[in-house]
Amino acid sequence: MSKAAVESSLVIKTFERAEMLEVFAGNLPDPKQRAEQLRVAMDLISDLGPIRPVSVSKVLGLTEKTVRAWASEGALGIARTEPRVLLDPLSVHTVLHLVEGLRAAGQTRGLLDEVYRRLSDTSLIESKDLQESLGQMKQGQGEVVRARPSA
């Protein structure tokens with residue numbers, strides 16, 4: 001078996017184990033235990049280190065060409081480019097969940113656009129500025145820029 005095939009097999013098995021841990025975590029009643037279990041799953045994936053696009057293609061069920069295109073578009077994190085392109089395993093994990101969800105919903109075309117939109121939305125929602133602004137809004141702080149239309 002080639003080195004790439006061995007690596008792909010290891011990556012697939014590691015992702016499967018991490019997914020099992022995530023399922024187990026989802027069934028735990030204690031939030032602290034759930035968080036710890038999810039951290040272990042992320043550590044398992046992170047321990048893989050940077051991944052070759054050919055291995056990522058097998059995990060995501062896409063062609064290697066598509067994986068490389070997604071990486072160049074920013075949907076998959078690039079860990080390094082020299083001497084060859086290697087991808088960030090945690091970004092692959094995030095995209096895997098998005099792709100699985102989209103496929104389960106019957107969407108098979110335009111995956112890159114939808115994945116990119118969802119990644120952008122998540123990034124915005126998790127931004128410190130937005131969270132701070134929402135907190136201020138909930139507390140009635142800030143100033144009204146435009147008045148609400150009267151009913």
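3J(HN,Hα) along the stretch 15-29: 5, 4, 5, 5, 5, 4, 4, 5, 5, 4, 4, x, 9, 7, x Hz, from the Karplus curve 6.51 cos²θ - 1.76 cosθ + 1.60 with θ = phi - 60°, whole Hz, x for Gly and Pro.
Note on the chain: helix-only mean residue ellipticity at 222 nm, from DSSP H runs of 4+ residues weighted -39500 (n - 2.57) and normalised by residue number, equals -21500 deg cm²/dmol. Straight-line reach from Lys58: which lysines have Cα under 18 Å away, leaving out those fewer than 8 places along the same chain? Candidates past the 8-residue exclusion: Lys3, Lys13.
The alpha carbons of the stretch 36-149 stretch over 54, 34, 30 Å along the principal axes, in descending order.
Residues whose amide H lies under 5 Å from that of Gly77, counting only those 5 or more places away or on a different chain, are Asp88, Ser91, Val92; hydrogens are built 1.01 Å from N in the peptide plane. Exposure here means at most 10 other Cβ atoms within 10 Å; with trypsin sites (Lys or Arg not before Pro) in a DSSP loop as sites, the longest stretch of the chain lacking them is 1-83.
In the stretch 44-144, which GluC sites (Glu not before Pro) are in a loop and have at most 13 other Cβ atoms within 10 Å, using DSSP for the loop call? The partial results should precede the final answer.
Values: sites: Glu64, Glu73, Glu100, Glu114, Glu126, Glu132, Glu143; in loops: Glu143.
Those satisfying the criteria are Glu143.
Stretching Ser150 away from Met137 to a fully extended chain increases their span by 2.7 nm, per 0.36 nm per residue minus the current alpha-carbon distance.
No lab work stands behind these numbers, since they all come straight from the coordinates. Since we're looking at a predicted model, the values are computed, not measured. With ideal geometry, Cβ positions are generated from the backbone for all residues, glycine too; neighbour counts draw on all protein chains shown.
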